[in-house]
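Student: Sharing a structure, written as structure tokens. Questions coming.
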């Protein structure tokens, strides 16, 4: 087994790690850097639980070999809140709208939607549902997650009163 | 699961990459975006002793539009092509197909060239390349050669890319005049491979008669399929419904756990009909 040294900047902190070529970014984050917020579900890109930001773009960390990413910048779910623990806009909305139950899919949802909402100013519900289609949640039925995305999207009108109170999203 | 061990190569030039592929033959595989290859490696559906990563080669990541064509470099990310004004103007059919691929997180990493070289017959971009008569530039030990899309797709995951060769870029011809484009597909879930899909372009004359038609089908065989008879019928005055029926009559789709062969044939007719209607409507605007 040959280990290759690489440098990764994760959540603003530089790390030097030695990786086997076949080691997935998701496993390096969890096993070498002990950042276990990144969850590993399907390991073939379908479930979205392992989503992280690579140079600002949401990607599947289970479909990247860490060895490809020498000198890259990565943000995991642990890096989204402020240094004092202040939740970002979407995280706060997830809390407000009860957007999670068991929490397994939540890191991927939060990373994905944080990136999506930063790039899209006024998504409608259909846009939000398409954006969420790459993250499988088996508990919530998605309603709370869609409500959170709507609540936190800039300029979006929240129809029908308190988000999460309506029968449908 | 985890992939089998392999040796990783990150060449910085096409020549270096070709040399690696030549040296390692069938034991080596090209890695571009990895959004199809890495799942197959993780699931151990396949394995290679050497992976040759194209991502550090300068010059493969550009989109260039000239008067008659849009050239997309091999490692242009699908998301970049989706946002590109050059693709929107010069290759609208490609622009329409891209949002159907996986999810936005997949498109942030997946490449246009990789999807075409991977040649999954259920994926969108091979059908787009076939419908538009795209040309593919490959570079190998004997130099550069150009392959027409209709000679490129040989079977499931098999293309005319030869030993030691790498796909460098894809040229998508631009259409002039009054034209419209559409991609329609039916999938079990958003982002899944389509049960069947159609990528179509139509050109109309001044009297709004269809004078040009291209129909590429995906998910209906071991390669993307061009519905030639339906194209000829439509430009000869047939209705959309008649053309759609002809397109479905010509194909011999697979049956599997997702859909029977007969159902796929029905779905193929439906997506062709919808895509032709949408493309003609756009061309009439």
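Any read-out appearing in this document is the output of simple, stated calculations on the displayed coordinates, not a laboratory observation. The structure presented is a predicted model; accordingly, all values stated were derived computationally and were not measured. Cβ coordinates were reconstructed from backbone atoms using ideal geometry, including for glycine residues, and neighbour counts include every protein chain displayed.
Student: Counting only Cα, what are the radius of gyration and maximum Cα-Cα distance Dmax of the range B:2-101, in Å?
Tutor: 15.8, 46
Student: Using square roots of five times the C-alpha gyration tensor eigenvalues, list the equivalent-ellipsoid semi-axes of the protein assembly as shown in whole Å, biggest first.
Tutor: 36, 30, 19
Student: Taking only Cα atoms, what is the 0 to 90° angle, nearest 10, from helix A:143-152's long axis to the longest principal axis of chain A?
Tutor: Approximately 90 degrees, to the nearest ten.
Student: I'd like to know how chain B sits against the 2.2 N^0.38 Å rule of thumb: what's its Cα Rg over that expected value?
Tutor: 1.00
Student: Using a Gaussian network model of chain B whose springs link C-alpha atoms within less than 10 Å, name the residue from B:108, B:55, B:42 with the highest mean-square fluctuation.
Tutor: Taking springs between Cα atoms under 10 Å, the residue moving most is B:42.
Student: Have a look at B:49, B:206, B:184 and tell me which one the Gaussian network model of chain B (Cα, springs below 10 Å) gives the largest fluctuation.
Tutor: B:206
Student: Working from the alpha-carbon coordinates of the range B:7-53, get Rg over Rh, Rh being the Kirkwood radius.
Tutor: Result for the range B:7-53 is an Rg/Rh of 0.97.
Student: Using the count of nearby Cβ atoms within 10 Å as a rough guide to exposure, how do A:98, A:39 rank from fewest to most?
Tutor: The fewest-first ordering by Cβ neighbours comes to A:98, A:39.
Student: Per the helix-only calculation at 222 nm, which mean residue ellipticity applies to chain A, given -39500 (n - 2.57) for every DSSP H run of n ≥ 4 and division by its residues, nearest 500 deg cm²/dmol?
Tutor: The helix-only estimate for chain A comes to -7000 deg cm²/dmol at 222 nm.
Student: Where Rh denotes the Kirkwood radius from the mean inverse Cα pair distance, what is Rg over Rh for the range B:178-284?
Tutor: Expressed as Rg/Rh, it is 0.99.
Student: Please report, for the Cα atoms of the range A:30-132, the Rg to one decimal and the Dmax as a whole number; what are they, in angstrom?
Tutor: 13.6, 40
Student: Binning every alpha carbon pair distance of the range B:108-230 at 5 Å from zero, what are the percents per bin?
Tutor: 2, 11, 20, 22, 19, 13, 8, 4, 1, 0, 0
Student: Now a separate question. In the Gaussian network model of chain A, springs joining C-alpha atoms below 10 Å, which of A:81, A:49, A:115 carries the largest mean-square fluctuation?
Tutor: A:81
Student: Here's something else I'd like to know. How do B:157, B:175 line up, fewest other C-beta atoms within 10 Å first?
Tutor: B:157, B:175
Student: A further question on this structure: If you average the C-alpha positions of the range A:18-90 and of the range B:28-89 separately, how far apart do those two centres end up, in angstrom?
Tutor: For the range A:18-90 versus the range B:28-89, the Cα centre distance is 21 Å.
Student: If I fit a long axis through the Cα atoms of helix B:14-24 and take the longest principal axis of the Cα atoms of chain B, what angle between them do I get, 0 to 90°, rounded to 10?
Tutor: 70 degrees
Student: Still on this structure, I have one more. Give me B:132, B:204 sorted ascending by neighbouring Cβ count inside 10 Å, so fewest comes first.
Tutor: Listing B:132, B:204 from fewest to most nearby Cβ atoms yields B:204, B:132.
Student: Would you mind estimating how fast the range A:89-152 diffuses translationally, via Stokes-Einstein at 20 °C and 1.002 mPa s with the Kirkwood radius over Cα pairs, in µm²/s?
Tutor: 190 µm²/s
Student: Then there's this: Using a 10 Å cut-off around each Cβ of peptide B:94-106, what is the average number of partner chain Cβ atoms that fall inside?
Tutor: Taking all residues of B:94-106 together, the mean is 5.
Student: Quick one, what does Rg over Rh come out to for the range B:68-154 if you take C-alpha atoms and the Kirkwood Rh?
Tutor: Reported Rg/Rh (Cα atoms, Kirkwood Rh): 0.95.
Student: Send over the Kirkwood Rh of the range B:163-236, from the inverse of the averaged 1/r over different Cα pairs, rounded to one decimal Å.
Tutor: Over the range B:163-236, the inverse of the mean reciprocal pair distance is 14.4 Å.
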